[in-house]
Each structure stands twice: as C-alpha cells, then as structure tokens.
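Laboratory data are not the source of any read-out in this text; all were calculated from the coordinates shown. Because the structure is a prediction, the values reported are computed rather than measured. Using ideal geometry, Cβ is built from the backbone for each residue, glycine included, and neighbour counts are taken over all protein chains shown.
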C-alpha cells in the first residue's frame, strides 16, 4: 500500500491498461479465456493470463472449472469486481465527451446498477 | 487507439498507477512540481516529470511560468482534466467499501461537481 488514499489503492489494483478492459468484457457476458482474446484491443495471451491471475488474487473475479481435460475455467465477477461498474461508466462518459471517435456504450450498460 | 471503446481509450490516457494520483493532488490545491513530490505516495522525480508531460500532451493539465530563472511552472487542471473528477470519486467509493484501511475523503471532495 503506497498510502491510505482510496484513489492510490484503487490504482494499485486496477491501474494498468488492461484490467478494466477485461472487467468490461465480463460485464458484457464473456466468461472464457478464449472469449477475452477476441476483443478488439487484442490482448496478448500472456498478458491476459497475468491479469486474470491478479484479478483473482485481488478478489475481483472468481473462476470455476467447466472442463477437466484439458482444464478450462469460466470467469465471473465477484461483488467486489461488480462494484467497479461506476468507475467504468464514469470513464465512458468522460471519453465520449473528450475523446473523439469513441463508441457510445449501449444504454443497458450505462444504466446498469451494481 | 487500441479500439473505439471509451474505457480502453480512457485507460490509454490515465491507465497507470500515477496519473490519477497527480490529478487528485491538483484537485486538492497543489500547483508546483515540488508540491506533488511531498505527497505520501512518494512519486519519483523522473516519474513525475514524465507524467506531467503526458498529462499536458493529453490536455488534462496546462502550465504557466511563475518564475523565470530558473524556470518554474504552475500546473492547473483544464476542463478535460477536471471532468475526470467523477472517475476519482467513484474510485474513492469503491476503495472505501472494499479496501480496508483506506482514508475517507473529505466531504467537499466527494460532493464537488465538475
């Protein structure tokens, strides 16, 4: 912990270019490792592996085994991960206002409650 | 731009462990390079230099010269930077709920409007 600041602490958990993108994918219904790889940002396999492990370690996601051989996991949001939704929504509002060419998220996403 | 996703685009601008911490300091009245160095997270001089340059290049902050020799700058938020306040506030709410031991921000900060 760098300090007790809630902003610094949140950034220690989600302050990189990928974690909140994977979280977005979980909100839009993706569940499998291979699902996340298909997103338009093109996350690399090793980066995705590392981010999912970090997100599990921080309690943002949990995984369940859906296939034994080879072992495959389904990922889902925990309540702690789900509670980051307002952070995603405020980022969307900011980018739609200030970054030209960004997509407008679907209404169901912007009006979703945690 | 990795995609048109407003979340990915916001993270391209503020998705690191420091940018939003410096932004927080600007909201709490810090203006000079040396002010940011005194924050409890202990940002390194070279990291601060790089982040302020990036924030200026992305239009989040602007600087004015307040001393000529040696040249010293005062930094301030632009409207684009100021509009990130809801992102900071939602991060605070999340950390106060989910990260034990985080400080409760002052009311004026949590109720501030952009």
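Chain A's nearest residue to the axis relating it to B, judged by Cβ and reported with the distance in whole Å, is A:90, 3. Taking the empirical scaling 2.2 N^0.38 Å for compact globular proteins as reference, region B:71-114 has a Cα radius of gyration ratio of 1.44. For residue A:1, inter-copy separations between label points set 7 Å beyond Cα along the Cβ vector come to 4.0 nm, shortest first. With label points defined 7 Å past Cα in the direction of Cβ, position residue A:28 shows copy-to-copy spacings of 3.6 nm, given to one decimal and shortest first. Under the shape rule built on the C-alpha gyration tensor, where the axes satisfy a ≥ b ≥ c, region B:1-40 is prolate, since a/c reaches at least 1.5 and a/b is greater than b/c. Based on the alpha-carbon gyration tensor of region B:32-92 and its eigenvalue square roots a ≥ b ≥ c, which shape applies: rounded if a/c is under 1.5, prolate if not and a/b is larger than b/c, or oblate? Because a/c hits 1.5 or more and a/b fails to exceed b/c, region B:32-92 counts as oblate.
Ascending distances from the residue A:104 label point to its copies in the other chains, with the point 7 Å along the Cα-to-beta-carbon line: 4.0 nm. The angle between the Cα long axis of helix B:45-57 and the longest principal axis of the Cα atoms of chain B comes to about 80 degrees, rounded to the nearest 10.
With both labels modelled 7 Å from their Cα along Cα-to-Cβ, the residue B:32 to residue A:53 distance reads 4.5 nm.
When the expected Rg is taken as 2.2 N^0.38 Å, what fraction or multiple of it is the alpha-carbon Rg of the protein assembly as shown? Please list the in-between numbers first.
Details: Rg = 18.4 Å, N = 228, 2.2 N^0.38 = 17.3 Å.
Against the empirical 2.2 N^0.38 Å value, I get 1.06 for the protein assembly as shown.
Shown here: chain B, whose C-alpha atoms stretch 47, 35, 27 Å along the first, second and third principal axes, sorted largest to smallest.
For a paramagnetic label modelled on residue B:67 (point 7 Å from Cα along Cα→Cβ), amide N atoms under 19 Å away belong, within region B:32-48, to B:32-39, B:45-46, B:48. Site pair residue B:108 and residue A:113 shows an inter-label distance of 3.3 nm when each label is modelled 7 Å from Cα along Cα→Cβ.
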